[in-house]
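The structure appears below as structure tokens.
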4 protein chains.
Amino acid sequence: MTSPIKPWIFTATCPSLLGTVDVVTRYMAASGHYVDEIHSFDDREAKRFFIRIEFTPQSDDFSPEKFAEEFASRAEQFQMEWELTEPNHRPRVAIMVSKYDHCLNDLLYRHRTGQLNIEVPVIISNHPDLEPLAKWHDIPYYHLPITAETKPQQEADVIKLLEQYDIDLVVLARYMQVLSPDLCRYLDGKAINIHHSLLPGFKGAKPYHQAWEKGVKMVGATAHYVNNDLDEGPIITQGIQQVDHAHYPEDLVAKGQDIERVTLFNAVRYHVQKRVFLSGSRTVVFSN
Amino acid sequence: MTSPIKPWIFTATCPSLLGTVDVVTRYMAASGHYVDEIHSFDDREAKRFFIRIEFTPQSDDFSPEKFAEEFASRAEQFQMEWELTEPNHRPRVAIMVSKYDHCLNDLLYRHRTGQLNIEVPVIISNHPDLEPLAKWHDIPYYHLPITAETKPQQEADVIKLLEQYDIDLVVLARYMQVLSPDLCRYLDGKAINIHHSLLPGFKGAKPYHQAWEKGVKMVGATAHYVNNDLDEGPIITQGIQQVDHAHYPEDLVAKGQDIERVTLFNAVRYHVQKRVFLSGSRTVVFSN
Amino acid sequence: MTSPIKPWIFTATCPSLLGTVDVVTRYMAASGHYVDEIHSFDDREAKRFFIRIEFTPQSDDFSPEKFAEEFASRAEQFQMEWELTEPNHRPRVAIMVSKYDHCLNDLLYRHRTGQLNIEVPVIISNHPDLEPLAKWHDIPYYHLPITAETKPQQEADVIKLLEQYDIDLVVLARYMQVLSPDLCRYLDGKAINIHHSLLPGFKGAKPYHQAWEKGVKMVGATAHYVNNDLDEGPIITQGIQQVDHAHYPEDLVAKGQDIERVTLFNAVRYHVQKRVFLSGSRTVVFSN
Amino acid sequence: MTSPIKPWIFTATCPSLLGTVDVVTRYMAASGHYVDEIHSFDDREAKRFFIRIEFTPQSDDFSPEKFAEEFASRAEQFQMEWELTEPNHRPRVAIMVSKYDHCLNDLLYRHRTGQLNIEVPVIISNHPDLEPLAKWHDIPYYHLPITAETKPQQEADVIKLLEQYDIDLVVLARYMQVLSPDLCRYLDGKAINIHHSLLPGFKGAKPYHQAWEKGVKMVGATAHYVNNDLDEGPIITQGIQQVDHAHYPEDLVAKGQDIERVTLFNAVRYHVQKRVFLSGSRTVVFSN
């Protein structure tokens, strides 16, 4: 009944109401779609329902248009926002970087080896440094320098590139710039950022130096969606590394980079596999 | 719609067939049972379907008998084995121990503080050493010594106790005895064992000493169901601890005990929360 | 040459100067003390030297008095603060608790089974709840209730108890009270506290609820020395647990407690084994 | 007294004898070498002493030749094998690969960004696949195909290359070939290998498939020195990843690769920083 063919992914969210699961699964069964895996969760505080289904159509004439046509009226009854993702969907991801390449290198490696099912049609940076790495991967690299004066223009240029390349997701792979409220709004829910996240949290300049002053024994990283509060958007995933007294600030930075790149990769992977749902200031993540 | 009332748990497994999810969720919706959470998984190798649902009945006259009556014929069509577990279900757990108390102490603490929803009506040991700990928790303690000659009789006595106390689950909390094939068969799928599990695996006597000889840098533990191959039953969960060259065999034992007790607790918790399904020599675990 | 006899521990700290190691190791060799293990570290920022040596005297007439007499003048040249700890040293530890028993239960279990080489001559609490647990371990339990008005008197009573029982170390095992500056000063460097430590850090009331609002994917704990800034004293060790969206605030609390007790145990163990050195606002920890 | 200049590293091992530490530290002090960090360990089973010191010469006329001349006779008394490593020492590392590039890519990235202080003068493979990656890093790539018949000749060619390029360390970064006993002997203690290491250990073909059959909940990796028993040489470090029932064999392979590359990197780093000592079938690792 099951097959090695990669499944389609159906995701949906709506207010918590009796019958939310049934309206989906009944349609799947009636249409002869084989359900390989379900995760559903009902957030009893937010009073919101989330579901992710992997399914394999059994008939040859399956089409997403037909699915949409048949399912739309059912979804409407529940104010359900839903999405259908095809098996080999490769979202178009723009990677934005500054001078640090640890995250970029890791993402491109995962991309090149098929661990990350994405297209990377463009890399954008405010510095020229990482162009050779982009070149080796045959990816166009745009150097858009930024100063306080040119910021509005530079951000407009960024948006133009994102539209020109028809981008689905922006990954801020250590872009190191504070985005304007306008750009944040534009990217809301469509951009993933990585930032250091230490125990206890340190804000402001030189966070690793502050952490060292406090003698932390762990450094961490948080991957989150961008929203209007740049470093405080909804968290997707977090990672941690142990350190000790022999780690000076520069060693904390190195350890931090290792956990940053793994954490960012996991967040992008979850997003691409449609495992992440926004729920107000939080996320529901059906990880694996 | 949702409520702080703890939900009922529905679990089921059957061969992979179109409509397995629908038969369940359709009944839930039709009966007005609110679905709080679903995990389903279809093992494409074993061609078997597994589902776990937490749901909250919305009507006052809900009864498991009525559920069974109405659902039975639907289940039959799919050769579905299913189970309904009430919100405050506390399975009756017999703990079997030898002289080591690290696992027993941890389980009783979790039991006493409500982290583990179980009854512990009886503790059985082949040694008298841990009776005081049992006494403090007001739990009957049976000292059933064992020798090569008395083994058949001792195991018969164990089984008699398990039946007398109407036991749902046996936890071998470092019982340190090789069970006879007969007792293994009796306990098949109804007993959880914990054993050391090192990298690479070491069999036979003094495993931690063997591991030390090899200079391992990690020690681990595996919690699994008992089957006829005592230490090779289906794995429920595994844990790991880092060690270094300064850990002599006795230190490895101490580190191993720490990870054994956490790992055993997690396995029992998953079992009690109906998160574990047997699938041949493997398990499906909807952990959290 | 080495022996299964547990070694003596020598610890020292002094300003960074040429010859700090030599003054110690030369004396060890000249006195016929066999050195089993050395850790030394020179903090190049604080310009301070730290050393911990495990050694086994080879002669029968070894005495700490003789060691002191011979070594004192050598230490003086380097303004070296040093300490000699005998093999079976069991510091006298007072445990202070409130109503939560997860840390207390763990410490007493480790104490009872010899994993933690300490005496626990007294347990002090502002609530009566945990007396039965203390009783089972035959440890005097003092219930010293506290209100805003009685705080000065209660703290005076606490200090009196600490002196009466000749306490070396105070462990705040979820004592849940804000100590007065006076008591903090009294306990400076002689008390270990455990507090939740989340990513990012949350201060104020209901930290786990705040963390849940932010949708954190990890909860943590920090064990640290008490100083005048109650929750910000020098960090000894930190621990972390993964969580997900299905963990409501009460679940975060439960997960947090598990990591709190392990983290506090590790901190106390490191302290007792003389592995922790204060270095300003930081610590040097020769962990194992 | 200390300085941001990277320190020299002194490492030594000899039988356990009174005075082993003193002979080293006394010379350091007498010569005016500032000791930044010491780790020593006395293996009471192997009766062997190990020491690693980071030190900063204070005089301008320091030379390793002078050190050797002055220290040699002292070392001789203790049958001490010792080594002096200069601050910017970059050992010459040959990387051997097959078709998998996850380890190679990671090592080259760390090399390129300075996280790993090594020269990589040559990459050797029995397949042509990874040549482009080598080219981008400007590293000569030798494709030496191998069959049962050509194995002796191929291994002779490998050895010739290792000598031609004056190689200090060989890293088998998933080379996937069983080395002949002769080549093993040649590489004894001078080559690091990475292999999967699962719980419980699985030997033979398709280890991840075997592990999946058993339903393991963790996959791991072990980095070790090559000796005559190919996959059983002295362990340097080990790593682990959690998996669950939804990971089919190919998913276990992917998870395994992630932990393989980190584990291999750590092993190479420890070796390069002179943190690893062989002690019979085990290692002493002064990790950080």
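Values in this text are rule-based calculations from the coordinates and carry no lab data. Note that the coordinates shown come from a computational prediction; the quantities given were computed from them, not determined experimentally. Cβ placement follows ideal geometry from the backbone for every residue including glycine, while neighbour counts extend to all protein chains displayed.
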Prolate/oblate/rounded call for region A:216-288, Cα gyration tensor, a/c under 1.5 rounded: prolate
Net charge of neighbours whose Cβ lies under 10 Å from the Cβ of D:TRP212, counting Lys and Arg as +1 and Asp and Glu as -1: -1
Separation in nanometres of the label points that stand 7 Å from Cα toward Cβ, at A:GLN58 and D:LEU18: 8.5 nm
Over 26 Å (Cα to Cα) - which of C:LYS6/D:LYS47; B:LYS66/B:LYS274; D:LYS47/D:LYS160; B:LYS217/D:LYS214; A:LYS217/B:LYS206; D:LYS99/D:LYS203 fall in this group: D:LYS47/D:LYS160; A:LYS217/B:LYS206
Karplus (6.51, -1.76, 1.60) ³J(HN,Hα), θ = phi - 60°, over region A:61-68, in Hz, Gly and Pro reported as x: 9, 5, 9, x, 5, 4, 4, 4
B:GLY189 long-range amide H proximity, modeled H, under 5 Å: B:VAL226
For region A:77-194: rounded, prolate or oblate by the Cα gyration tensor [a/c cutoff 1.5]: oblate
Degrees between helix B:102-112 axis and first principal axis of chain B (Cα, 0 to 90, nearest 10): 40 degrees
For A:ALA246, label point 7 Å along C-beta direction: distances to other copies, nm: 1.1, 4.0, 4.1
Net charge over other residues, Cβ less than 12 angstrom from the Cβ of D:VAL272 (K, R count +1; D, E count -1): +4
Tilt relative to chain C, helix C:151-164 - C-alpha long axis, 0 to 90 degrees, to 10: 40 degrees
Nearest-first distances (nm) between copies at A:ARG90, label 7 Å from Cα via Cβ: 3.6, 5.7, 6.7
Karplus (6.51, -1.76, 1.60) ³J(HN,Hα), θ = phi - 60°, over region B:266-271, in Hz, Gly and Pro reported as x: 4, 4, 5, 4, 4, 4
Relative exposure of A:VAL171, D:VAL272, judged by other C-beta atoms within 10 Å (fewest first): D:VAL272, A:VAL171
Other-chain or far-sequence residues with amide H under 5 Å of D:GLU37's (modelled H): D:GLU54
Environment charge of C:SER281, counting only residues whose C-beta is closer than 10 Å and scoring Lys/Arg +1, Asp/Glu -1: -1
Taking N as its residue count, the alpha carbon Rg of chain C over 2.2 N^0.38 Å: 1.10
The protein assembly as shown - share of DSSP beta bridges that are antiparallel (%, nearest 5): 75 percent
Closest approach to the axis - chain B beta-carbon, rotation onto C, Å: B:TRP136, 3
Cα gyration tensor, region B:8-85 - rounded (a/c under 1.5), prolate or oblate: prolate
Cβ-Cβ FRET estimate between C:ASN228 and D:ASP251, R0 fixed at 60 Å, reported to 0.05: 0.70
Under the Karplus curve 6.51 cos²θ - 1.76 cosθ + 1.60, θ = phi - 60°, whole-Hz ³J(HN,Hα) for region B:234-246, x wherever Gly or Pro sits: x, 6, 9, 7, 9, x, 8, 9, 7, 9, 9, 4, 7
Alpha-carbon gyration tensor eigenvalues x 5, square-rooted, for the protein assembly as shown, Å: 47, 40, 32
Tilt relative to chain C, helix C:20-30 - C-alpha long axis, 0 to 90 degrees, to 10: 60 degrees
Dipole magnitude of the protein assembly as shown about its Cα centre (Cβ charges: Lys, Arg +1; Asp, Glu -1), debye to nearest 20: 0 debye
Packing-based exposure ordering (other Cβ within 10 Å, fewest first) of A:THR147, D:THR113: A:THR147, D:THR113
Efficiency of FRET between C:GLN242 and D:HIS89 - r from beta-carbon atoms, R0 41 angstrom, step 0.05: 0.55
Inter-copy separations for B:GLY114, label at 7 Å along Cα-Cβ, nm, ascending: 3.7, 5.2, 5.6
Beta bridges per DSSP with both ends in chain C, % antiparallel, nearest 5: 70 percent
